[in-house]
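S.K.: Would you mind keeping the following structure in view while I ask a few things?
Just so it is clear, none of the values below were taken in a lab; they were calculated from the coordinates. These numbers come from a predicted model, not from an experiment. FYI the Cβ positions are ideal-geometry reconstructions off the backbone, even for glycines, and counts take in every protein chain you see.
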Amino acid sequence: MSKASEFKDKYGPWALVTGASSGIGEQFARVLARHGMNLLLVARRAERLEDLARELRRRRGLEVVVATADLSEAGAVDHLVAAVGDRDLGLVVSNAGFGLKGAFEAIERARLEAMFNVNARVPLLLTHALLPRLRARASGGIIFTGSIEGEAPFPYSAGYAATKAFVHSLGMSLHGELAGTGIDMLVLSPGATDTEAITLQGFKPELMPNLMAPVDVARQALRQLGKVALLVPGPENRKYVKAMRRMPREKLIAQNAERMRAALAASGRGPR
Ligand SMILES: NC(=O)c1ccc[n+]([C@@H]2O[C@H](COP(=O)([O-])OP(=O)(O)OC[C@H]3O[C@@H](n4cnc5c(N)ncnc54)[C@H](OP(=O)(O)O)[C@@H]3O)[C@@H](O)[C@H]2O)c1
């Protein structure tokens, strides 16, 4: 049996991917399509999703459905559950997210709230809504895209880092609850990755060392699903996380504050 058909037997036939209009989520969709999975693609930018869906249908002969949704809105999870309908969903990739950088109090409240909803509320409630279906099948998987910033306090990214710490804790706790059920739970904790998120947060990608390609991040996550609870992709990122875990808290916080200030300054931004 091929690896792709083994994957599809366990996690197929349908996968839901949030944040599939660009970056890591788009690559999740592409790699999953190579595994023969039918896809439900979610994000706000309908045209991007439709283009990707058309391409994957044509190239792979799969069913690909688009559900446009603003995940910061209160009814977003219900909308997604309705979009899934009675499809036999085996894999949920809760990947959509965004970051806001700068002094905490300088970030507009509405943006902060939207970030909290997309990054934390949606993974919480979407998993709560869809897990009973996976349990009934006794097979499947859930992936949360967290961040290396979920591993430690990050001054000047305080709200974002907190949302990611939230999904790390939620995902790894669920990993424990789901042990032996046939449902695999993975928290993906990427470091800096070459996607639109870098410029959206006000950084210059050319100034960032060790940017990973989003396709490598998605591939590694799908390879490690069912094997580990938490994946930090890339050896450089793993080294960095190991060092952070060993450091005294106060020293780590001061170091991360200094790094973030330097990164903001290099990109022509002050912390405010
Ligand atoms: N790039 C990095 O360095 C890095 C590092 C660690 C973790 N991450 C995490 O990786 C995940 C994917 O980000 P990325 O790097 O691939 O960046 P990206 O290219 O900007 O992708 C973000 C995705 O999330 C979707 N999204 C954002 N806000 C949304 C909203 N309100 N409603 C629905 N969808 C929304 C975007 O779609 P629309 O704009 O079309 O809605 C897009 O598809 C995020 O959770 C991010 O926090 C990224």
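S.K.: If you wrap a convex hull around the C-alpha atoms of the stretch 117-272 and split its volume per residue, what is the figure in Å³?
M.R.: 115
S.K.: May I pose another question? Grab the DSSP H runs of the chain that are 4 residues or longer, score each as -39,500 (n - 2.57), total them, divide by all residues and round the 222 nm result to the nearest 500 deg cm²/dmol.
M.R.: Rounded to the nearest 500, the figure is -15500 deg cm²/dmol.
S.K.: Which lysines, if any, have their Cα less than 28 Å from the Cα of LYS10, not counting same-chain residues under 8 positions apart?
M.R.: LYS164, LYS227
S.K.: Would you please state which residues of the stretch 210-243 a label at ARG259 would reach in this model, taking the label point 7 Å out along Cα→Cβ and a backbone N cut-off of under 11 Å?
M.R.: The answer is 237-243, whose backbone nitrogens lie closer than 11 Å to the label point.
S.K.: In addition: Taking N as the number of residues in the stretch 1-132, what is its Cα Rg relative to 2.2 N^0.38 Å?
M.R.: 1.10
S.K.: I would also like to ask the following. Applying the Karplus parametrisation 6.51 cos²θ - 1.76 cosθ + 1.60 with θ = phi - 60° to the phi angles of the stretch 90-97, what ³J(HN,Hα) value in whole Hz is obtained for each residue in order, glycine and proline being reported as x?
M.R.: With the stated coefficients, the stretch 90-97 comes to x, 9, 10, 10, 8, 10, 4, x Hz.
S.K.: Give the Cα extents of the chain along the principal axes, in whole Å, largest first.
M.R.: Here the Cα extents, ordered largest to smallest, are 49, 38, 32 Å.
S.K.: Stokes-Einstein diffusion coefficient for the stretch 58-103 at 20 °C in a medium of 1.002 mPa s, Rh from the Kirkwood formula over Cα pairs: what value in µm²/s?
M.R.: Value of D from the Cα-based Kirkwood radius: 161 µm²/s.
S.K.: Also: Using just the Cα positions, wrap the stretch 184-272 in a convex hull and report its mean projected area in square nanometres, one decimal place.
M.R.: 6.7
S.K.: Among ALA179, GLY202, LEU112, whose Cα sits farthest toward the positive end of the charge dipole of the chain (+1 at Cβ of Lys/Arg, -1 at Cβ of Asp/Glu, about the Cα centre)?
M.R.: Looking along the dipole axis, the top candidate is ALA179.
S.K.: Give me the distance in nm between label points sitting 7 Å out from Cα along the Cα-to-Cβ direction at ASP216 and LEU200, one decimal.
M.R.: Taking the two extended label points, one gets 2.2 nm.
S.K.: Here is a follow-up. When averaged across all projection directions, what area in nm² does the alpha-carbon convex hull of the stretch 94-198 cover?
M.R.: For the stretch 94-198, averaging the hull's shadow over all directions gives 6.8 nm².
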